[in-house]
Amino acid sequence: MGNIRRSRGYNYEYTLVQRFNDSKWYARRLGGSSTGLPDIVAVNNEKGILFTIEAKSGTGDILYVPQDQIERCLVVRNMFGVYPNRHVVFAFKFMSKKRFRRKNKTVYEQRRLVEYYKNADMLEGMNPLPVIKCTYEGRTFAINGSKAIEINLPDIPMPFQNGGLKD
């Protein structure tokens, strides 16, 4: 199961990098958890924009971004002060097959594939950093201990989306 999840995550990261690199942006996978860096860094040097991106994909109705992954995105974002527009972005992809347990068996049902890109800059300065939860509907929550509070992380346009950031 771990290899399937790792492969799904790698494929989503790879796809995001390709989408960025098809425009006036430059993006690279950085290795994520194994390197202590964000999953992806993307820049538009002409417009002075930098994104540190944590990408999550899954077959359930909820995806999480742990505190340590938020922290490393903030640290790397803050290292590049030469960029006037720097953002921490959470990319969430909810797969078109929903996985759940029924009568002790894993079953899948079809649903619409959805992706959300959330601006997480507002997390800067929170102490302690929360775990972030995103639902299939795109609602976001901050979890500290056993308490979850809805925090509407705003959507951030991507250059590869219709109506997104223009090159």
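Structure notes:
- Across the range 10-32, the number of residues qualifying as at pLDDT 95 or above, in a loop (DSSP other than H, G, I, E, B) and surrounded by fewer than 17 Cβ atoms within 10 Å (Cβ to Cβ) comes to 0.
- Test set (1) within 19 Å of residue 137 (Cα to Cα); (2) surrounded by 21 or more Cβ atoms within 10 Å (Cβ to Cβ); (3) of a type in the set (S, T, N, Q) - residue 96 fails condition number: (2)
- Every condition in (1) part of a loop (DSSP other than H, G, I, E, B); (2) within 15 Å of the chain's Cα centre (by Cα) holds for residue 53 except the one numbered (1).
- Residue count for the range 124-137, restricted to those that are in contact (Cβ under 8 Å) with a residue 40 or more places away in the chain and either part of a strand (DSSP E or B) or more than 21 Å from residue 72 (Cα to Cα) (or both): 6.
- Pairing residues of the range 54-67 that are on the phi < 0 side of the Ramachandran plot with residues that are of a type in the set (S, T, N, Q), at Cβ distances under 7 Å and at least 6 apart in sequence or on separate chains, gives 54/69; 61/135; 62/135.
- Residues located in the range 63-85, provided they are crowded, with 16+ Cβ neighbours inside 10 Å, part of a helix (DSSP H, G or I) and of a type in the set (A, V, I, L, M, F, W, C): 70, 73, 74, 76
- Only one entry in 72, 86, 77 is touching a Pro at 6+ places or on another chain (Cβ under 7 Å) and among the charged types (D, E, K, R), namely 72.
- Residue in the range 146-165 that is surrounded by 12 or more Cβ atoms within 10 Å (Cβ to Cβ), modelled with pLDDT of 95 or more and of a type in the set (Phe, Trp, Tyr) present: no
Per-residue answers, yes or no, for (1) charged (D, E, K, R); (2) loosely packed, with under 13 Cβ neighbours inside 10 Å; (3) in contact (Cβ under 8 Å) with a residue 24 or more places away in the chain:
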| position | (1), (2), (3) |
| --- | --- |
| 87 | no, no, yes |
| 100 | no, yes, yes |
| 107 | no, yes, no |
| 110 | no, yes, no |
| 122 | no, no, yes |
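- Subset of the range 138-167 [part of a loop (DSSP other than H, G, I, E, B) and under 14 Å from the mean Cα position of the chain (by Cα)]: 138, 139, 153, 154, 156, 157, 158
- Filter result (on the phi > 0 side of the Ramachandran plot and out of contact with any strand residue (DSSP E or B) (no Cβ under 7 Å at 6 or more places or on another chain)) within the range 13-53: 31, 32, 36
- Yes/no for residue 89 being closer than 29 Å to residue 22 by Cα, in a strand (DSSP E or B) and of a type outside the set (Ser, Thr, Tyr): yes
The values are calculated or read from the model by the stated rules, or taken from the named source; none is laboratory data. Just so it is clear, the structure is predicted and the values come from calculations on it, not from any experiment. Virtual Cβ from ideal backbone geometry, glycine too; neighbours counted across all protein chains shown.
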